[in-house]
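Participant: Below are the structure tokens for one structure; questions will follow.
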Amino acid sequence: MATKDQSELYACTFPECNASFATQGQLKRHKKSTPEHDYCGICDEDFEDDQAFLIHKIESTKHIVCPMCSKDFRSEEGQQLHIKQVSVNRYTYLVIVALTSSRPMRQNKIFDVSAAAKSSSVPVD
Ligand SMILES: [Zn+2]
Ligand SMILES: [Zn+2]
Ligand SMILES: [Zn+2]
């Protein structure tokens, strides 16, 4: 006895949310404007949590993002400048490498930054 009206609506794809909308556009706008929904409006993808969303942004070529604070940038220059400005410690560096290991191109770019940070304080065994 499922109500037919409901199946014609665009239900929110987040399991904890019961909202539904008449159009897909309304649904997208809802997902974008709901802070609890980790939704990428650029790629039209849902994510389980902000961590998964951050990894998506790091891995996707459609996004330029700081792996440490998930700040978005319009250009890779802006991103690189920002990363150089924040202090990169060894732990953060390892996290970046782990997150970006599937993207060799990006990994190399971040490698440059960490190499510069390493040279300033290297605990050699
Ligand atoms: Zn929702
Ligand atoms: Zn995306
Ligand atoms: Zn940052």
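Participant: With respect to residue 81, is the statement that it is exposed (fewer than 13 other Cβ atoms within 10 Å of the Cβ), within 16 Å of ligand 3 (Cβ to nearest atom), of a type in the set (A, V, I, L, M, F, W, C) and modelled with pLDDT under 90 true?
Facilitator: Taking the combined requirement at face value, the residue satisfies it.
Participant: Quick one: in region 38-54, of everything that is more than 14 Å from residue 16 (Cα to Cα) and surrounded by 17 or more Cβ atoms within 10 Å (Cβ to Cβ), which residue is modelled with the lowest pLDDT?
Facilitator: Result: 54.
The values are calculated or read from the model by the stated rules, or taken from the named source; none is laboratory data. The shown structure was predicted, so the numbers you read here are calculated from the model rather than taken from an experiment. All Cβ positions, even for glycine, are placed from backbone atoms using ideal geometry, and neighbour counts span all protein chains on display.
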